[in-house]
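**Student:** Sharing a structure below in structure tokens format, with a few things to ask.
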Amino acid sequence: MSLKILLADDHQMFREALRTLLEREDNLTIVAETGNGNEIVALCHQTQPDIVCMDIAMPGLNGIEVTRQLTDALPSTKVIALSTFTDRMYVLDMLSVGASAFVTKAETGIELLRAIDAVSRNRSYLCPDATDAIKGALSDRSPAPASPNKLGNREIQVLKLVAEGLTSVQIAEKLNIMPSTVEVHRRNIMRKITVKGVAGITRYALHNGLITSL
């Protein structure tokens, strides 16, 4: 019996590569695909896929919120999370809302096929990179990153703009504050959410739904 697969990723070339990979398998059928998180739940109701292979960061709803909704609405549909990043926050949060597997895009290929096979047998699956992230989370005793509600309103404004690629000078002009004040906010943000640099801020913003795509 063929497994019905829904593909969800806003990068068309990557989605086409996944389709090519999966269509080579006799027991897999692609029933739908989308690049917008807002469309996934409706498409699942229409096509009743067995498995959704889904990027975490997409326009519209992010993968964490979509997975939460799917778990409630269509518990028989399994989710395999796809991500460029292997931050422990991504892995743990996707698992906590009901994802059955986590595969990094760098390892997509045989790892995705292994994940699909495991999930079809009601088992969970983590690719090696995700497994390493989980091990790191279990051994790391550092405090968990702050949630967005622990940041001040101005800090959240600055965080979003940093994640969108604006410089401190551009942010200062947009918010009508001094560049030095922006730098203070940036340092406080990184200290509170325990990340370093723009890349860390961007991943945090995507993970928490403060921005929806890059």
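**Student:** Please state which of the following conditions THR84 fails to meet, knowing it meets all the rest: (1) farther than 20 Å from SER120 by Cα; (2) crowded, with 19+ Cβ neighbours inside 10 Å.
**Tutor:** (2)
**Student:** Search region 1-31 for residues being over 17 Å from ILE116 (Cα atoms) and without any contact (Cβ under 8 Å) to a residue 60 or more places away in the chain, and hand back the single one that is surrounded by the fewest Cβ atoms within 10 Å (Cβ to Cβ).
**Tutor:** This residue is MET13.
**Student:** Let me spell it out: the conditions are (1) of a type outside the set (A, V, I, L, M, F, W, C); (2) more than 21 Å from ASP117 (Cβ to Cβ); (3) modelled with pLDDT of 90 or more; (4) crowded, with 22+ Cβ neighbours inside 10 Å, and TYR90 meets all of them except one. Which number is the exception?
**Tutor:** (3)
**Student:** If only one of ARG186, ARG191 is in a helix (DSSP H, G or I), in contact with a helix residue (DSSP H, G or I) (Cβ under 8 Å, 6 or more places away or on another chain), of a type in the set (Lys, Arg) and outside the structural domain of LEU61 (by TED's automatic domain parsing), which one is it?
**Tutor:** When all the criteria are applied, what remains is ARG186.
**Student:** Consider TYR90 against the criteria (1) in contact (Cβ under 8 Å) with a residue 60 or more places away in the chain; (2) closer than 19 Å to LEU22 by Cβ: it satisfies all of them except one. Which criterion is unmet?
**Tutor:** Going through (1) in contact (Cβ under 8 Å) with a residue 60 or more places away in the chain; (2) closer than 19 Å to LEU22 by Cβ one by one, TYR90 breaks only (2).
**Student:** Within region 45-69, can you find the residues that are of a type outside the set (Val, Ile, Thr), assigned to a helix (DSSP H, G or I) and surrounded by fewer than 22 Cβ atoms within 10 Å (Cβ to Cβ)? Spell out the reasoning first.
**Tutor:** Step one: list which residues in region 45-69 are of a type outside the set (Val, Ile, Thr), which gives 45-46, 48-50, 53-55, 57-63, 65, 68-69.
Among the residues that remain, those that are also assigned to a helix (DSSP H, G or I) are: 45-46, 63, 65, 68-69.
Across region 45-69, the qualifying residues are HIS45, GLN46, GLU65, ARG68, GLN69.
**Student:** Can you confirm whether THR34 is over 26 Å from ASP132 (Cα atoms) and buried (at least 19 other Cβ atoms within 10 Å of the Cβ)?
**Tutor:** On the way: over 26 Å from ASP132 (Cα atoms): yes; buried (at least 19 other Cβ atoms within 10 Å of the Cβ): yes.
Answer is yes for this residue.
**Student:** Among the residues of region 99-123, write down those that are closer than 21 Å to ASN62 by Cβ, modelled with pLDDT of 90 or more and over 13 Å from the mean Cα position of the chain (by Cα).
**Tutor:** Answer for region 99-123, where residues must be closer than 21 Å to ASN62 by Cβ, modelled with pLDDT of 90 or more and over 13 Å from the mean Cα position of the chain (by Cα): SER100, LEU112, ALA115, VAL119.
**Student:** Is it true that ALA137 is modelled with pLDDT under 75, over 19 Å from ASP55 (Cα atoms), aliphatic (A, V, I, L, M) and assigned to a helix (DSSP H, G or I)?
**Tutor:** Judged against the criteria, ALA137 is a match.
**Student:** Something else now. Quick check on my filter: what residues within region 93-112 are crowded, with 17+ Cβ neighbours inside 10 Å, hydroxyl-bearing (Ser, Thr, Tyr) and more than 14 Å from ASP129 (Cβ to Cβ)?
**Tutor:** Passing the criteria: only SER100.
**Student:** Keeping to region 161-183, report how many residues are free of Cβ contacts under 8 Å to residues at least 24 places away in the same chain, surrounded by 14 or more Cβ atoms within 10 Å (Cβ to Cβ) and either assigned by TED's automatic domain parsing to the domain that holds ALA57 or outside any helix (DSSP H, G or I) (or both).
**Tutor:** Result for region 161-183: 2.
**Student:** Let me ask something else. For region 44-54, does any single residue satisfy the condition of being under 19 Å from GLY98 (Cβ atoms), in contact with a Gly (Cβ under 9 Å, 6 or more places away or on another chain) and not basic (Lys, Arg)?
**Tutor:** yes
The values are calculated or read from the model by the stated rules, or taken from the named source; none is laboratory data. Because the structure is a prediction, the values reported are computed rather than measured. Here the Cβ is made from the backbone with ideal geometry for all residues, glycine too, and neighbour counts use every protein chain on show.
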